[in-house]
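Data first, discussion second: the structure below is written as structure tokens.
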Amino acid sequence: NGYYHSFWSRCIHSSRDFSDMVMVDNYIFNKDVFIQFNSTVGEYVGYTELGVYNAELWNKDPSELQQRRARVET
């Protein structure tokens, strides 16, 4: 149909002890990030109308947020 959907996840750190590690998850539709989870912020952030709607839903689920926040330790 010509639609492009992808997801990528990155761990970013600048030292060997990993105390400053940041986990970033991006949800991409048609090459634009529409939702992002950043472990520093600790919740989902939406960048489009659909992304804002979904981020609000996901941020209301405490188990979802707890799992995402725990991924930094993994």
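The values are calculated or read from the model by the stated rules, or taken from the named source; none is laboratory data. Here the structure is a predicted model, which is why all the values come from computation and not from measurement. Note: ideal-geometry Cβ built from the backbone for every residue, glycine included; neighbour counts use all protein chains shown.
Could you list all residues from the stretch 10-32 that are under 10 Å from the mean Cα position of the chain (by Cα), without any contact (Cβ under 8 Å) to a residue 24 or more places away in the chain and surrounded by 10 or more Cβ atoms within 10 Å (Cβ to Cβ)? Can you show your working first?
Initially, the stretch 10-32 is screened for residues under 10 Å from the mean Cα position of the chain (by Cα), giving 10, 23-27.
Remaining after also requiring without any contact (Cβ under 8 Å) to a residue 24 or more places away in the chain: 10, 24, 26.
Residues satisfying the conditions are V24, N26.
Which residues, taken from the stretch 18-74, are more than 23 Å from H5 (Cα to Cα) and touching a Ser or Thr at 6+ places or on another chain (Cβ under 9 Å)?
D20, M21, V22, R69, V72, listed by residue number.
Take R68 and tell me if it is modelled with pLDDT under 90 and surrounded by 15 or more Cβ atoms within 10 Å (Cβ to Cβ). Outline the logic, then answer.
On the way: modelled with pLDDT under 90: yes; surrounded by 15 or more Cβ atoms within 10 Å (Cβ to Cβ): yes.
So R68 passes the test.
When V24 is evaluated against the numbered criteria (1) modelled with pLDDT under 90; (2) within 17 Å of A70 (Cβ to Cβ), which criterion, by number, is the only one it fails?
Single failed check for V24: (1).
Name the single residue that is farthest from Q67 (Cα to Cα) among those in the stretch 33-52 being loosely packed, with under 12 Cβ neighbours inside 10 Å and over 10 Å from the mean Cα position of the chain (by Cα).
In this case the residue turns out to be E49.
Looking at (1) at negative phi; (2) modelled with pLDDT under 90, which is the only condition N59 fails?
That leaves (2) as the condition not met.
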